[in-house]
1. Give me the percent relative contact order of region 13-141, please, defined on Cα pairs under 8 angstrom at least 6 residues apart.
2. DSSP loop GluC sites (Glu not before Pro) in region 49-137 with at most 16 other Cβ atoms within 10 Å of their Cβ, which ones?
3. Taking a quarter of the surface of the Cα convex hull of region 28-142, what do you get in nm²?
4. In a shell of Cβ-Cβ distance under 15 Å around K101, excluding K101 itself, what net charge do Lys and Arg (+1) and Asp and Glu (-1) give?
5. Could you work out the local net charge near G65, counting Lys and Arg as +1, Asp and Glu as -1, over the other residues with Cβ closer than 12 Å to its Cβ?
6. Please list, by residue number, every one of the trypsin sites (Lys or Arg not before Pro) in region 56-142 that is coil in DSSP and has at most 15 other beta-carbon atoms within 10 Å.
7. Calculated FRET efficiency, E85 and S40, Cβ-Cβ r, R0 30 Å, to nearest 0.05?
Amino acid sequence: MILPTGRQEGFTLIEVLVVLVLISIMATMIFPAFSGFLSSITLNTNQRKVINFFKQVRMEAITSGTLQVIVVQGNKLIWFLKGGEPFIMDQGWKELQTDAKDGKIIFYPDGTCSDGKLKVVAPNHESLLLSLDPISGEIKAE
């Protein structure tokens, strides 16, 4: 549309380029914060999965009245079910480390467990440290 003064309505190329530059600057500032947020969500999810897994094994020891053993092997947690069949928890961790004897975490029928710490290293090299309370059998994040 042509205005009475002879000028056309719309944006100039310079105005459009300035807006695009501003949007790209803002995106480069926001993206690193967003990716850090995503990695912390992944780490928290892994933490919850491990804690819930340990709670499940502890509950099985109490309800079945038998020892339950979790073996830390490489980047996997292995729990041997009633029939001796292994249940393998592999969440794509880079590494699992424990100070438990022989890499075995034992849950007893009275709800207690062997003492130990478990370090979970995610693929992005972030890690979390979980500790077992031998008296209560609970696992907690440090």
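1. On the way: 199 pairs, mean separation 25.9, N = 129.
Here the relative contact order equals 20 percent.
2. On the way: sites: E60, E95, E126; in loops: E126.
Filter output for region 49-137: E126.
3. Numbers: hull surface 29.3 nm².
Taking a quarter of the hull surface, the average projection is 7.3 nm².
4. Values: positive: K104, K117; negative: D99, D102, D115.
Counting the neighbours of K101, the net charge comes to -1.
5. Details: positive: K82; negative: E60, D110.
Counting the neighbours of G65, the net charge comes to -1.
6. On the way: sites: R58, K76, K82, K94, K101, K104, K117, K119, K140; in loops: K82, K94.
Hits after loop and neighbour filter: K82, K94.
7. Numbers: r = 35 Å, r/R0 = 1.17.
Efficiency for this residue pair is about 0.30.
Only the coordinates and a few stated rules stand behind these numbers; no lab work does. This one's a predicted model, so the numbers in the text were calculated from it and none came from an experiment. Because the Cβ atoms are built from the backbone with ideal geometry, glycine has one as well, and the counts that use them run over all protein chains shown.
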